[in-house]
1. Need the C-alpha centroid separation for the range 12-64 versus the range 403-441, integer Å.
2. When the C-alpha atoms of the range 60-136 are aligned to their principal axes, what extent does each axis show, in angstrom, from largest down?
3. With loop defined by DSSP as not H, G, I, E or B, and exposure as at most 11 other Cβ atoms within 10 Å, which is the longest segment of the chain clear of exposed GluC sites (Glu not before Pro)?
4. Could you put Cys260, Cys149 in order, starting from the residue whose Cβ has the fewest other Cβ atoms within 10 Å?
5. Can you compute the charge dipole magnitude of the chain about its Cα centre, using +1 on each Lys and Arg Cβ and -1 on each Asp and Glu Cβ, nothing else charged? Give it in debye, rounded to the nearest 20.
6. Going by how many other beta carbons lie within 10 Å of each one, how would you line up His393, His243, fewest first?
7. Under 5 Å between amide hydrogens, which residues at least 5 positions from Ile41 or on another chain qualify, with H placed 1.01 Å from N in the peptide plane?
8. For the range 250-311, which trypsin sites (Lys or Arg not before Pro) pass both filters: DSSP loop (anything but H, G, I, E, B) and at most 13 other C-beta atoms within 10 Å?
Amino acid sequence: MAAQGWQNWPGRIRCAPRQMVTIASEDDAVRLMASNPALPIRMAGSGHSFTPLADCEGTLVRLAPEPKVFHVDKEKRLATIWAGTPVWALGPLLHPHGLALANQGDIDRQTIAGATGTGTHGTGVTLGSLSTMIRAVTLVTPAGEVKTCSLEQEPELFQAARLSLGSIGIITRLTLALVPSYRLTENGWLEDADKALANIDAAAARHRHYEFFWFPYAKKVVAKSLDPAPPDSSPAKSAEQMHARGLVSSFDEKIFRMGCRLTKWVPPIGPSLHGIFTSGFKGSTRTRWSFEIFASPRTVRFNEMEYAVPAERGAACLEAIVRTIRNRRIRTAFPIEMRLVAADDLWISPFNGRASMTLSVHQWAKDDERTLFKACEDIFLAHEGRPHWGKMHSLKAAEFQRLYPDFARFRAVREKVDPEGRLLNHHLAAIFGASPSWRRN
Ligand SMILES: Cc1cc2nc3c(=O)[nH]c(=O)nc-3n(C[C@H](O)[C@H](O)[C@H](O)COP(=O)(O)OP(=O)(O)OC[C@H]3O[C@@H](n4cnc5c(N)ncnc54)[C@H](O)[C@@H]3O)c2cc1C
């Protein structure tokens, strides 16, 4: 008998697992693994991945969403937290200890296990993804063993577990490297697209965080920077306030939702809306605690594709995408987002071994994304792009083997920990070129 259904944030991925289980401790996870659960076993965070990572006919596992900090080492700037803690709760939990995440993405609705599970990132040439902040992982393997790994303890398992797509085990605790609490000033401005494209390196070097949004039929981009501001004694928002903030639809979003409808139903209007949305941006300046300023509410639902390309090829790639959208009159109401991420050494991180520019394209959830995404994916691949694991792509094992120098190392650890592929759904089986036992039976 199928349990109630599950769907991801845009509603595109829907499934009816036989069982849905909420885990509140390592003991719960051990008991589950020993209970002969329906296969495959998949873990879901808050369902904000666009790819079918959590798609599951067997047992869908979620961690109890209660925010929890187990231990803080203020001197070493480390905190061990429950992996089901939502990102929106982390800032308020860490702030009283004088600590914060060094960077965050555009939203804070994910769980920390889910965000790090796909290499979620923000922008900043000196800053890595959230997965790079992990210093230790506690997980329960498919064999029901509880393991804590780090660079010193089971380093191979640790390398895989820092970014694992939920293919190594149920992650229950993460120890994160943090930085002292800090305040950031945001500035937003309009800039000619040609100038912005030519000056990406200089702008990125000038600001701790730099990004821009380009509605592809517009001549200007909306640029945004975040830079450290002097500390002060301003009160920080509580977890309840942070949670509530992400649910509110702003006036701009309401207008934008109408723009999405018009773009779908009256396509010739679409390109002029890009100019209107861009010129309607009035610029902004504000200063907040870091965790209060990174994320914005996203209430207009969409599907997304994002690739990380080598930083030095990014501007050419972006230019080619905009040219293609314009020449082929491809419909989208959304801007392309340009961000920068530092190189890392995580085996299956899109940023492995190379400083990267990430470029994301979006399509309204009620619109067909295939023409836009196919056209863009061809260009991303021609620029050596690697897809964000949580965002739509069409790649399979052979392509990942070619794109990631350490892919075979990751696969070897995964096969050792889960030889029968109990944690592999169809999507992951195709990514790893594996044939799980539940599919063979
Ligand atoms: C509106 C929106 C904005 C976004 N903005 C950004 C952004 O700015 N930057 C960016 O990089 N990405 C962004 N994303 C993508 C998003 O951050 C990732 O897809 C992220 O993985 C989603 O986290 P989640 O908690 O929803 O986890 P899910 O999507 O549910 O799961 C993600 C992965 O984590 C695994 N997982 C979850 N919990 C566990 C666990 N306990 N143990 C083991 N594995 C587990 C799952 O199996 C899956 O493989 C955005 C997505 C949306 C919808």
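1. Distance between centres, Cα-based: 17 Å.
2. Dimensions of the range 60-136 along the principal axes of its Cα atoms: 36, 27, 21 Å.
3. Segment 153-441 is the longest.
4. Going from sparsest to densest Cβ surroundings: Cys149, Cys260.
5. That gives the chain a dipole magnitude of about 1080 debye.
6. Ranking His393, His243 by Cβ neighbours within 10 Å, fewest first, gives His243, His393.
7. HN-HN under 5 Å from Ile41: Thr59, Leu423, Leu424.
8. For trypsin sites (Lys or Arg not before Pro) across the range 250-311 that sit outside H, G, I, E and B with at most 13 neighbouring Cβ atoms in 10 Å, the list reads Lys282.
Since every read-out is calculated from the coordinates, none of them should be taken as a lab result. Source: prediction; values computed, not measured. Heads up, the Cβs are rebuilt from the backbone with ideal geometry, glycines too, and the neighbour counts pull from every protein chain shown.
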